[in-house]
Amino acid sequence: MIRSHLAISSALLIGLTAIPADAQYYQVFTRDQANTTGIASPFLDTVTVSGGTAYAVFRDTTAANVGAVSSFDGSSFATVMSPSQWTNSTDLATQLGATIAGNKLRAVSFFSHSVLEIDLGTGAPSEVVSRAMIDAVSGVTNTTLGAQYEALPSGDVFAYVSNSNNRQVLQISAGNVVTSEISVADMNASFGNTNSTVNGMGILGSTLYLGSNSTDSIVGWDTVANASLSVLSTAQITAVTGGASVGFDDIFGAPDGYVYFAETTSDSVLRFLPSDPSGTLSTFLTSAALLAGPAASSTLDQLAWWQGNLAWTQAATTGGQVA
């Protein structure tokens, strides 16, 4: 999986050839290369990877109700869904957490606050879980779903409800049944703080990892035992970054067994092993290393896995987004 976060008008996908040194970065593709449908002011909203193919989701920064999807197999691009097929009354806004489940791109829209699917064969989009269905379980009228969520290849989705004083995590099954995963009370207890925001979410195995800028910490949630886990405190993270505070963007559970996260105060990427988070926490990519890469920027949007290595989307200072 790969995901996007910040509201920027351009980005690229960048990959690593190995454990990073400055010279080991390469540009996988740019926003404009992936914009196969010719959107006038394209915004690379999300990239999700399945096997050897990356799928790029686009909207338009100047026109309303636009959506498109393209694919990249490592050598060439193809259109999956054209703007003419997207007939919804909002932009296609999927950001953090989209996945490929079977022959569908499955994602949460934080504009329509619903769960969407796009058929990879026909390009046909559909809303499979409505906002009303979400409301019925969240207990909130007009639930606001955040950009932080996780959709899994199994079809299961963990969605973050960001309404103030009602912050919680819902699970949507592959069969589109909505249930409560982390209640408001459990969220408050997990963070030890009332009404904490979730600014990054990732999953590895059966554990959800939630990063909060309200508490500058990461907590875990065992989705099998339905219990919270202490993962990383402010002090443990700042001991590595040298900062006075912590900020979270994307959190990504990777196939190599590490959990990676973008830390916005130090503009770096850190990683840890779930078996010993504090003991294995280290800086994987420094701000200086990111600045030395193709985008010449230390602003990361989403983390991903491409051809056996960490990858990410990033805002470029000289020509748009890159992936």
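The values are calculated or read from the model by the stated rules, or taken from the named source; none is laboratory data. Please read these numbers as outputs of a predicted model, since none were measured by experiment. Methodologically, a virtual Cβ is constructed for each residue, glycine included, from the backbone with ideal geometry; neighbour enumeration extends over all protein chains shown. In case anyone asks, the SASA skips ligands and DNA or RNA and just uses the protein heavy atoms, side chains included. Shrake-Rupley method; radii C 1.70, N 1.55, O 1.52, S 1.80 Å.
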Review point. Taking the range 236-274, which residues are open to solvent by 30 Å² or more (accessible area, probe 1.4 Å), under 14 Å from Ser212 (Cα atoms) and out of contact with any Ser or Thr (no Cβ under 7 Å at 6 or more places or on another chain)?
Key: Thr264
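Condition first: of a type in the set (D, E, K, R) and within 19 Å of Val28 (Cα to Cα). Now tell me which residues in the range 39-93 satisfy that. Working first, answer last.
Residues of the range 39-93 of a type in the set (D, E, K, R): 45, 59-60, 73, 91.
Residues satisfying the conditions are Asp45, Asp73.
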Point to revise | the range 138-147: number of residues that are at pLDDT below 95 and either assigned to a helix (DSSP H, G or I) or more than 30 Å from Gly51 (Cα to Cα) (or both) | key: 0
Practice item. Go through (1) in contact with a Ser or Thr (Cβ under 8 Å, 6 or more places away or on another chain); (2) surrounded by fewer than 20 Cβ atoms within 10 Å (Cβ to Cβ); (3) at pLDDT 95 or above one by one and return the number of the condition Ser196 breaks. Key: (3)
Check your understanding: Can you pull out the residues in the range 11-34 that are in contact with a strand residue (DSSP E or B) (Cβ under 7 Å, 6 or more places away or on another chain) and either part of a helix (DSSP H, G or I) or modelled with pLDDT of 85 or more (or both)?
Key -> Gln24, Gln27, Val28, Phe29, Thr30, Arg31, Gln33, Ala34
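Do you know which residues across the range 114-124 are among the polar types (S, T, N, Q) and either part of a helix (DSSP H, G or I) or at positive phi (or both)? Give the derivation first.
In the first step, residues of the range 114-124 are kept if they are among the polar types (S, T, N, Q); the result is 114, 122.
Within the range 114-124, no residue meets the criteria.
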Exercise for review: Restrict the check to the range 43-52 and report whether at least one residue is modelled with pLDDT of 90 or more, touching a strand residue (DSSP E or B) at 6+ places or on another chain (Cβ under 9 Å), surrounded by 16 or more Cβ atoms within 10 Å (Cβ to Cβ) and in a loop (DSSP other than H, G, I, E, B).
Suggested key: no
Point to revise | Looking only at the range 80-102, and only at residues there that are hydroxyl-bearing (Ser, Thr, Tyr) and under 22 Å from the mean Cα position of the chain (by Cα), the one that is surrounded by the fewest Cβ atoms within 10 Å (Cβ to Cβ) | key: Thr90
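Name the residue, out of Glu127, Glu150, that is within 21 Å of the chain's Cα centre (by Cα), surrounded by fewer than 16 Cβ atoms within 10 Å (Cβ to Cβ), in a strand (DSSP E or B) and in contact (Cβ under 8 Å) with a residue 24 or more places away in the chain.
Values: Glu150 fails: surrounded by fewer than 16 Cβ atoms within 10 Å (Cβ to Cβ).
Checking each option against the conditions leaves just Glu127.
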**Study point:** Residue ID - farthest from Ala107 (Cα to Cα), chosen from residues in the range 53-77 that are among the aromatic types (Phe, Trp, Tyr) and buried (at least 19 other Cβ atoms within 10 Å of the Cβ)
**Key:** Phe72
Check your understanding: When you look at Gly51, is it free of Cβ contacts under 8 Å to residues at least 12 places away in the same chain and either of a type in the set (S, T, N, Q) or at positive phi (or both), yes or no?
Key -> yes
Check your understanding: Which one is modelled with the highest pLDDT among residues in the range 275-296 that are under 20 Å from the mean Cα position of the chain (by Cα) and buried (at least 22 other Cβ atoms within 10 Å of the Cβ)?
Key -> Leu285
Review point. Can you name the strands (runs of 3 or more DSSP E) wholly within the range 188-303 that have at least 3 residues being small (Gly, Ala, Ser)?
Key: 227-232
Check your understanding: Mind checking which residues of the range 68-79 are among the polar types (S, T, N, Q) and within 21 Å of the chain's Cα centre (by Cα)?
Key -> Ser70, Ser71
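Look through Asp135, Asp186 and report the one residue that is closer than 19 Å to Trp221 by Cβ, at pLDDT 95 or above, open to solvent by 30 Å² or more (accessible area, probe 1.4 Å) and of a type in the set (D, E, K, R). Quick ask: steps written out before the conclusion?
On the way: Asp135 fails: closer than 19 Å to Trp221 by Cβ.
When all the criteria are applied, what remains is Asp186.
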